[in-house]
Amino acid sequence: MSVLVDLIVMLGMLVVVPAGLRLTGAPELDRIRRLWPLFAVPGAVALWLPRGGPATVLAGCYALGAVLLALHAPLRLLRTVRASAAHRTAEIALFTALVTPSVAATALVAERSGHALFGFGLGILALTVPHFHFAGFAAALIAGLVCRVADGPAGTFAASSVPSGTLLVLIGYFIGDWAELAGAVVLTAGMWTVALLTWRTIRGSGRDRTTRMLFAVSSAVLVATMVLALSWALGEATGLPHPTLTWMAATHGLGNALGFALCSVLAWRRLQDRPEQAPPEQTQPDRPRTERPPAAPALTTSVRTDPLLTGPALTDLTDLTDLTDLKGRTS
């Protein structure tokens, strides 16, 4: 299981986070996005080293980058105080996305150093790292993007329930399985709403088959993976039979990483990189453009003096009769 989890974490560190930061469209995040490999590569290397000093130092490099990213969150949130409710909700989701990698990095440092954190064993800490990269960063980011496009009660619910569900799951780590189950219920409802809005509203925005397919896969995978998450949380709280952690990593974890997060990020990237194109009939290069005929002059248009006349100019077309008479008298 550890090899699979490490590969999933590497995908989150090296691909999903930097690609997701680009999707935010926030200029203030450009520098940290460009510098992200300097933090993510040492963090990825730390996953494959034995627990100890070198692995802890490299994990600390990743934690530094995650903290620098989290420092952007409060400043961005303050700018939305006077924004509309829907925009503010989307920004709260983005706030969550910017903060959750620091939670994952903290767990990574503790796990690589071989020390339990807040009473959690090394196995739980190792699973916390991918969880807050995908159920934290990726889920909150995509929910915020969906809320921006699908402006309405459903989009607002999705963008608000994903951060609140993630927070409840985190709190459940400390106070008990029932709180974690409540967080799983809220998070599942939010992610299912994201899947529904993506399928019904956003999927059709793709201008090509590949983009639409990526959106479709991400929506379908969310339905299945969140059922697994809900069944696991329910089993932990009630004692009912439920999947093991190894099975969850191979199904829920891998599905969320590849099917949801990666496909969603790629689809949104393609959607943003392909501007809307004009209909074919307006883009034919060989088709001559039809010019609009000039407008007819108004009845009050001025008329210059006739060369045969020595008098002042006539300024109204209603004087054409007088002009004819005058010409007759001068001939």
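The values are calculated or read from the model by the stated rules, or taken from the named source; none is laboratory data. Being a predicted model, the structure only gives us computed values, none of them experimental. Counting neighbours? That spans all protein chains shown, and the Cβs are built from the backbone with ideal geometry, glycine included. Side chains are part of the model used for accessible areas, which takes the heavy atoms of the whole protein and leaves out ligands, DNA and RNA. Shrake-Rupley method; radii C 1.70, N 1.55, O 1.52, S 1.80 Å.
Points worth noting:
- Longest to shortest principal axis, alpha-carbon extents of the range 1-149, angstrom: 49, 29, 24
- The range 18-165, accessible area per residue, ligands and nucleic acids excluded (1.4 Å, Å²): 41
- The string of couplings for the range 191-197 from the Karplus curve (6.51, -1.76, 1.60, θ = phi - 60°) is 6, 5, 5, 4, 5, 5, 5 Hz, one whole number per residue in order, with x for Gly and Pro.
- Residue-by-residue Karplus 3J(HN,Hα) for the range 4-10, coefficients 6.51, -1.76, 1.60, Hz, glycine and proline x: 5, 4, 5, 5, 5, 5, 4
- Low-density loop cleavage sites - trypsin sites (Lys or Arg not before Pro) in the range 123-214, where at most 14 other Cβ are within 10 Å (DSSP): Arg207
- The range 35-146 - percent of accessible surface contributed by carbon and sulfur, probe 1.4 Å: 75
- Three-way shape label, the range 159-213, alpha-carbon gyration tensor, a/c 1.5: prolate
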